[in-house]
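**Student:** First, the structure itself, so that you have it in front of you.
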Amino acid sequence: MNKLLNFEYATIHGTYWMIYASCASFASVFLLGNGYSNSEIGIIMAVANVLAVVMQPLTADLADRSKRFSIISITEIMTLMMMVFTAFMFILHGRTMALFVIYVLLLAWHTVLQPLVNSLNFKLQECGVHLNFGVCRSMGSLAYSVLCLFLGDLVERCGISILPITSEVMMVLLMISIAMTARQYHKVMKVNEKKLAEAKAKLPAEESEEINLIDFVKRNKLFFVLQIGVLLVFIENQVLNNFMLQIVTNVGGTETDMGRIFSLMAFLEIPTLFCFDWINKRFSCGFLLKVASVGFTLKIGVVFLAQSVAMIFAAQFLQLVSFALFLPAMVHYIDEIMSKGEAVKGQALYTMMITVSSVLGSLFGGVILDFSGARMLTMLSTILAAIGTVIVIVMVDKVNANLKNS
């Protein structure tokens, strides 16, 4: 039962990140094909992420407080909404306001779903089963890698209409994965019900206090400053995700090259994610966050210096010690330092900062591309990532010191 629940949770990550591949990573391909400029694409992505920033604390509050809607049911509802938005993309063509609105909603809903998928890891463990987040998340990277490997070539062969078709299929698979995981969770919970009740009775009673996100930030000021550093580091990640096509074509590449770069990037995440539990036993999450931040800066720096597609491919090998390390380290770091009642809000704040970085990276990235080109964009991204890395390195130690003194 333990292995089955881990596998089913891993399929949620797999299908979620395949949706990201088709509707977010290939957004520039789809929108350029419909006549949008780089600046307009940046505006679409920025507006989507602003909407997501507004929605994330509301969704986190609902997940924390609601007795009627669980994290699982909220995830199902949001997936259904994404399926509706994607269906409209089959009938909307060209540079229209309707397509603008639909794409904004689709990207926003998908972004809001991420902290719920991450927090589901800890919710599912309430049934008494240990979930290996790194291994489960590595399934997302593997699925994303496989899809991107073929998606660029499929777009060149079949056109951009293949993208909404792929998204819709992946959303159906996500719904099936959520349903299967929920069924197994309740099954295991029923089997372990007596043992869990006995274990809970032996634990001291916890006082739960409901607070909103503003109060959460006031109580966790150092953690908030740390997330500012995360924001600056992740701007480079968003620039590469949103505008890789433009960066690759600047050195003579194609959509197929872009797909293969995304595929390699995701594939290289798998070893680190798969071995994260082993790594985390030997190094603290705080130390791993520092290493990953440096990895982000080095990666965008190599992309800035790249004069060929081969150099951009080479830069992706730093994914082993950047995104692949940062994601599980931050998820576990938040779970370690936050009280149980604040965990979802901590995850939401982290995801909000990544979302804000996407707003800035998208909005200014598109404008910089149109006026100054890909090289200027990657240079500025490198500078911001370096500043963010310094903040992360300093603030991780300050947060830990504050916790020891409190």
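The values are calculated or read from the model by the stated rules, or taken from the named source; none is laboratory data. Every value quoted in this text rests on a predicted model; they were computed, and no experiment measured them. Counting neighbours? That spans all protein chains shown, and the Cβs are built from the backbone with ideal geometry, glycine included. Please note that ligands, DNA and RNA were not included when accessible areas were found on the heavy atoms of the full protein model with its side chains. Shrake-Rupley method; radii C 1.70, N 1.55, O 1.52, S 1.80 Å.
**Student:** How large is the charge dipole for the chain, taken about the Cα centre, if only the Cβ atoms of Lys, Arg (+1) and Asp, Glu (-1) carry charge, to the nearest 20 debye?
**Tutor:** Dipole of the chain, to the nearest 20 debye: 820 debye.
**Student:** Put a dot 7 Å past each Cα toward the Cβ at Asp397 and Ser161; how far apart are the dots in nm?
**Tutor:** For Ser161 paired with Asp397, the spin-label model returns 5.9 nm.
**Student:** Between rounded, prolate and oblate, where does the stretch 234-308 land on the alpha carbon gyration tensor, with a ≥ b ≥ c its root eigenvalues, rounded for a/c under 1.5, else prolate if a/b exceeds b/c?
**Tutor:** Taking the square roots of the gyration eigenvalues as a ≥ b ≥ c, the stretch 234-308 is prolate.
**Student:** Between rounded, prolate and oblate, where does the stretch 43-99 land on the alpha carbon gyration tensor, with a ≥ b ≥ c its root eigenvalues, rounded for a/c under 1.5, else prolate if a/b exceeds b/c?
**Tutor:** In terms of gyration-tensor shape, oblate.
**Student:** Counting only complete DSSP H runs, which helices of the chain cover 27 Å or more along their long axis at the Cα atoms and score a mean Kyte-Doolittle of 0.5 or above?
**Tutor:** Helices passing the filter in the chain: 38-65, 97-124, 133-158, 162-191, 221-249, 285-305, 343-371, 374-405.
**Student:** For Arg183 paired with Phe7, estimate the spin-label separation in nm (one decimal), with each label point 7 Å from Cα along the Cα-to-Cβ line.
**Tutor:** Between Arg183 and Phe7, the simple spin-label model gives 1.4 nm.
**Student:** For the chain, build the charge dipole from Cβ charges (+1 Lys, Arg; -1 Asp, Glu) around the Cα centre, then report which of Ile77, Asn402, Ala386 sits farthest towards its positive end.
**Tutor:** Asn402
**Student:** Keeping the other protein chains in place, figure out the carbon and sulfur percent of the accessible area of the stretch 247-389, with a 1.4 Å probe.
**Tutor:** With neighbouring chains kept in place, the figure for the stretch 247-389 is 71 percent.
**Student:** How big is D for the stretch 1-137, in µm² s⁻¹ as a whole number, if Stokes-Einstein is applied with the Kirkwood radius of its Cα pairs at 37 °C and 0.692 mPa s?
**Tutor:** Roughly 203 µm²/s, to the nearest whole number.
**Student:** Right, here's the next one. So what is the 222 nm mean residue ellipticity for the chain from helices alone, if each DSSP H run of at least 4 adds -39500 (n - 2.57) and you divide by all residues, rounding to the nearest 500 deg cm²/dmol?
**Tutor:** One gets -28000 deg cm²/dmol as the mean residue ellipticity at 222 nm.
**Student:** Here's another thing I want to ask about it. Below 8 Å between Cα atoms, with a sequence gap of 6+, how large is the relative contact order for the stretch 70-163 in percent?
**Tutor:** The value is 24 percent.
**Student:** Here's another thing I want to ask about it. Just to verify a number: what accessible area does Met18 come out at with the full protein assembly present, 1.4 Å probe, Å² rounded to tens?
**Tutor:** Here the accessible area works out near 30 Å².
**Student:** In the stretch 247-341, with Lys and Arg counted as +1 and Asp and Glu as -1 at Cβ, which of these residues, Ile247, Ile312, Phe296, has the Cα nearest the positive end of the dipole, that is, farthest along it?
**Tutor:** Of Ile247, Ile312, Phe296, it is Phe296.
**Student:** May I pose another question? Counting Lys and Arg as +1 and Asp and Glu as -1, each charge on the Cβ, what is the dipole of the stretch 237-328 about the Cα centre in debye, to the nearest 20?
**Tutor:** Result for the stretch 237-328 is approximately 320 debye, rounded to the nearest 20.
**Student:** Can I ask one more? Place the peptides 88-97, 235-244 in order of packing, highest mean first, counting for every residue the other Cβ atoms within 10 Å and averaging per peptide.
**Tutor:** 235-244, 88-97
**Student:** Given Ser263, Pro328, Leu105, which one lies farthest toward the positive end of the charge dipole of the chain, if we put +1 on the Cβ of every Lys and Arg and -1 on the Cβ of every Asp and Glu?
**Tutor:** Result: Pro328, furthest along the dipole toward the positive end.
**Student:** For percent of Cα pairs over 26 Å apart, several values are listed as [x] 52; [y] 60; [z] 66; flag the one computed from this structure.
**Tutor:** [x]
**Student:** Taking a threshold of 32 Å on the Cα-Cα distance, which of the pairs Lys187/Lys221; Lys187/Lys398; Lys3/Lys221; Lys218/Lys290; Lys123/Lys218 fall above it?
**Tutor:** Lys187/Lys221; Lys187/Lys398; Lys3/Lys221
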